[in-house]
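**Q** Okay, here's the structure, questions in a sec.
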Amino acid sequence: MLLVALVVYYYAGMSDVIIKVIADGAVIPVVLLGVWALLFRLPKRSNRLEAYSRILMAGLTAYMVAKLIGAVYQPQSMRPFELLGQAAGASYLNNPGFPSDHVLFCMAITLAVWFETRRKWLGYTLLALTLVVGVGRIVALVHTPFDVIGGLIIAFAGVGWYLQRPPKPKKAATEARQNGNHAVK
């Protein structure tokens, strides 16, 4: 009986560690992969200063919108772990929690990589990691699903900055430039 109790205690402790790693630690690969992609995977002919300016402005816009909405609207005054009388399973700020800052931050990085690198596999990988962070935040009882969805949606507030990106050059115009014929339209 004692052995069973020890095994249950061990796995319960491990599940707490796993939840914390998912809820907090999964942000680290999002940041590292996002930085790598934005430093080394931007298209060769892109203006990096303009790209980084768009990323900064999109991130600041999303953050500002999140803080304004959070100041005006909070669906609950307490977080789920407080309502249930339990300990938080992950790190959190002392506020009601709408929207999830972790998810907002991860989704903003995902959108930056998606729009600026135009590499689908990077975007899908970061989106999957962002969703893992969101699920981890819910399982850790620091956010409700509504908080996480709010963070995902509000991150899109900065997308307008990416729409100012110059379109891809036309294939015929690119080939004409490579062949030295600049008269093709």
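The values are calculated or read from the model by the stated rules, or taken from the named source; none is laboratory data. Just so we're clear, the structure is a prediction, and the values are computed from it rather than from any experiment. When we count neighbours, we look across all protein chains shown, and the Cβ atoms used for this are built from the backbone with ideal geometry, even at glycine.
**Q** Give all pairs with beta carbons closer than 6 Å in which a residue from the range 108-124 that is of a type in the set (Phe, Trp, Tyr) meets a residue that is part of a helix (DSSP H, G or I); count only pairs at least 6 apart in sequence or on separate chains.
**A** Listed pairs, sorted by first residue: TRP114/GLY123; PHE115/TYR162.
**Q** Could I ask something else about it? Report whether or not ASP24 is surrounded by fewer than 17 Cβ atoms within 10 Å (Cβ to Cβ) and either in a helix (DSSP H, G or I) or at pLDDT 85 or above (or both).
**A** On the way: surrounded by fewer than 17 Cβ atoms within 10 Å (Cβ to Cβ): no; either in a helix (DSSP H, G or I) or at pLDDT 85 or above (or both): yes.
When the stated conditions are applied, ASP24 does not pass them.
**Q** Looking at ALA173 and the list (1) modelled with pLDDT of 85 or more; (2) assigned to a helix (DSSP H, G or I), which single condition is not satisfied?
**A** (1)
**Q** Which residue out of GLY134, GLY34, GLY89 is outside any helix (DSSP H, G or I) and more than 20 Å from GLN164 (Cα to Cα)?
**A** Details: GLY134 fails: outside any helix (DSSP H, G or I); GLY34 fails: outside any helix (DSSP H, G or I).
The unique qualifying residue is GLY89.
**Q** Output the residues belonging to the range 69-110 that are more than 30 Å from ILE55 (Cα to Cα) and surrounded by 15 or more Cβ atoms within 10 Å (Cβ to Cβ).
**A** Residues of the range 69-110 more than 30 Å from ILE55 (Cα to Cα): 76-89.
Within the range 69-110, ARG79, PRO80, PHE81, GLU82, ALA88, GLY89 qualify.
**Q** Of these, LEU152, LEU141, LEU129, which one is under 16 Å from PRO29 (Cα atoms) and in contact with a helix residue (DSSP H, G or I) (Cβ under 9 Å, 6 or more places away or on another chain)? First the steps, then the outcome.
**A** Working: LEU152 fails: under 16 Å from PRO29 (Cα atoms); LEU141 fails: under 16 Å from PRO29 (Cα atoms).
Testing whether each residue is under 16 Å from PRO29 (Cα atoms) and in contact with a helix residue (DSSP H, G or I) (Cβ under 9 Å, 6 or more places away or on another chain) leaves just LEU129.
**Q** Follow-up. Considering SER46, SER91, SER53, SER77, which residue is small (Gly, Ala, Ser) and under 22 Å from ASP16 (Cβ atoms)?
**A** On the way: SER46 fails: under 22 Å from ASP16 (Cβ atoms); SER53 fails: under 22 Å from ASP16 (Cβ atoms); SER77 fails: under 22 Å from ASP16 (Cβ atoms).
Being small (Gly, Ala, Ser) and under 22 Å from ASP16 (Cβ atoms) holds for just one of SER46, SER91, SER53, SER77, which is SER91.
**Q** Which number in (1) assigned to a helix (DSSP H, G or I); (2) without any contact (Cβ under 8 Å) to a residue 24 or more places away in the chain; (3) within 18 Å of the chain's Cα centre (by Cα) marks the one condition that LEU49 misses?
**A** Only one criterion is unmet by LEU49, namely (3).
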